[in-house]
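Worksheet for the structure shown next.
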Amino acid sequence: MNKKHISRLFPDFTDKKVVDSHMGRLDTHGVSRRDFLALASAGAAASLGAASLGMPTAAVASPDGKLAFLTGFMFNEWNTTFDRTAKTAAAEFGIAYTSLDSQFDAQRQLNQFEQQVAGNVGSVIFNLADGSAIKGLANTAKENKIYIANIWDSLPWFTPFDASEYYTMFAVSEEVRAHREVTEKLLAAVTERFGGGNIIGVTGSKGSLLELQRNRGRDQAFAKYPKTRLVDELPGLWNREDALRVTEDLLTRNKDVVGIVTQDDDIAQGSIAALNAAGLVPGKDVLVVGASGTGLGSKAIQSGTYLATSGNAPAFGAALFTARLYDVTHGWQPRASERLLNWSTVTLTRDNIDGWIARYVDNGDVEPFDYKRMSKVLHPDDWDPQAEVFPMDIDNNFHGTPKPPGWTYPAAYIAARDQGEHEKVAAEYAAHYKIKYDGPSPNKKA
């Protein structure tokens, strides 16, 4: 087909009005006109135009290995820090980077992924708006030979083994233990200070895997402290505004509350604001704990308004995922036990918060990790995970969610577990773990 015929098929993307028209018809939320035209120069805008005309699109292998972070929500500190760190790490690896926010809209996130496919993306990190979408996203990744990795939510009992090698990793921090330990800090303090009492919970998003895991850890803690009671809970949706509103509701309908277990530092900030509005002093009248180890959360612990949190540095997740996608797009192949991973966090209180703030919050231009050292391609002999990383136990991860009819354990997972690969990988990662997660940054000058 000659150029004249092609020009009749596709819109004139040199015309600003045409570009704006098609950006409106397609779901290009989060994509600038400059990015759209950059895609056009690589032939991607023509594919988008074809899609808007009802024509099939064809993916083209990425010429630059661009990495995309597609998150269900960018409005809390954990996600914005993950995004900023992934961008920095990608630059060190020489990878072009972009990020898009679906604002809790699963269909928009799917559209954004399809746009990235058309735009020659090489790899994608997902923080899903809806975990059930991963199956379809993994199928699209397989069809277009795009490597993907997923953090936090997922379709229950669906693993990379149920997709293809292009779904390279599902990884999360081990949240049951982490939230149990944080909740124990709260319940011990409440028992010592008030002799026990009523506790309320402000959770994340109802039914998500992360919420279920943190609820399980929280509930286990109460067994050790019989003078405390979880009397009520509502979802805070991982942000301050909703957390403020539901905490106000919980305080209105429950009397004599002495503690709040939240599932995120941004949620905790909303709960603290609700306490202040109710004339209660956080850290004195009511004790609050959470999760994530964000900047605001860390400073609140330092000031005494916040009792404890689990230090789950978003910078670590960003580094781990960026290094993995760099490696698989450069020929490295993970073993079965490396496709489902957990990592450990650290419980943060006033006793250890200063070191955490120095490394992860008030660190200026000192990056908290040696990103390239996480790569097995760039450092085949001296790679370092820079945290305690180990194979995931899928029974622990998906506990409490029903198995689909006819579901069986993936053969590769069973073989790795029963033949000792899990233990071997755990020991190998432990042996390579030199730069300590809760120590000073490896980039800090002496």
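The values are calculated or read from the model by the stated rules, or taken from the named source; none is laboratory data. Predicted model only: the values in this text are computed from it and were never measured. A quick note on method: Cβ atoms are made from the backbone with ideal geometry, for glycine too, and the neighbour counts reach across all protein chains shown. Only protein heavy atoms, including side chains, enter the accessible area calculation; ligands, DNA and RNA are left aside. Shrake-Rupley method; radii C 1.70, N 1.55, O 1.52, S 1.80 Å.
Pairs of alpha carbons in segment 113-200 separated by more than 15 Å make up 65% of all such pairs.
Give the relative contact order (percent, whole number) for segment 77-148; include only Cα pairs under 8 Å separated by 6+ residues.
Averaging sequence separation for qualifying contacts and normalising by length gives 26 percent for segment 77-148.
So for the chain: antiparallel DSSP bridges make up what percent, rounded to the nearest 5? If we restrict to bridges inside the chain, about 15 percent are antiparallel. Over segment 226-312, Cα pairs under 8 Å with separation of 6+ residues give a relative contact order of 25 percent. Subtracting the Cα-Cα distance of Q333 and D418 from 0.36 nm times their residue separation leaves 28.5 nm of extension gain.
Between A277 and E241, the simple spin-label model (points 7 angstrom out along Cα→Cβ) gives 1.3 nm. Under a 5 Å amide H cut-off, with hydrogens placed 1.01 Å from N, S375 pairs with D384 among residues at least 5 apart or on other chains. In plain terms, the C-alpha convex hull of segment 63-177 casts an average shadow of 7.2 nm² when viewed from every direction.
Here the extension length gained between K445 and D219 equals 77.1 nm, from 0.36 nm per residue of separation less the Cα-Cα distance. Based on the Kirkwood radius over alpha-carbon pairs, what value in µm²/s does the Stokes-Einstein equation return for the translational diffusion coefficient of the chain at 25 °C and 0.890 mPa s? Estimated via Stokes-Einstein, D reaches 106 µm²/s. Only helical runs count toward this figure. For the chain, summing -39,500 (n - 2.57) over DSSP H runs of n ≥ 4 and dividing by all residues gives -13000 deg cm²/dmol at 222 nm. The angle between the Cα long axis of helix 134-144 and the main principal axis of the chain comes to about 30°, on a 0 to 90 degree scale.
Relative to the longest principal axis of the Cα atoms of the chain, helix 240-253 runs at roughly 30 degrees.
For an R0 of 56 angstrom, estimate the FRET efficiency from the Cβ-Cβ distance between A431 and V231 and round to the nearest 0.05.
0.75
With only alpha-carbon pairs counted, each pair once and no self-pairs, how large is the Kirkwood hydrodynamic radius of segment 162-307 in angstroms? One decimal place: 15.2 Å for the Kirkwood radius. Surface composition of segment 181-313: carbon plus sulfur atoms contribute 51% of the solvent-accessible area (1.4 Å probe, protein chains only, all chains present). Panel values: segment 96-161, Kirkwood radius from alpha carbon pairs, Stokes-Einstein at 4 °C and 1.567 mPa s, translational diffusion coefficient 108 µm²/s. For segment 332-389, the C-alpha radius of gyration sits at 1.42 times the compact-globule guess of 2.2 N^0.38 Å, with N the residue count. Beyond 15 Å, how much of the Cα-Cα pair distribution for segment 386-446 remains, as a whole percent? For segment 386-446, the fraction of Cα-Cα distances above 15 Å is 65 percent. Measuring nothing but how far apart in sequence close Cα pairs (under 8 Å, 6+ apart) lie, relative to its length, the chain scores a relative contact order of 13 percent.
The angle between the Cα long axis of helix 265-277 and the longest principal axis of the Cα atoms of the chain comes to about 50 degrees, rounded to the nearest 10. The listed residues L155, L340, once ranked by accessible area (1.4 Å probe) with the largest placed first, stand as L155, L340.
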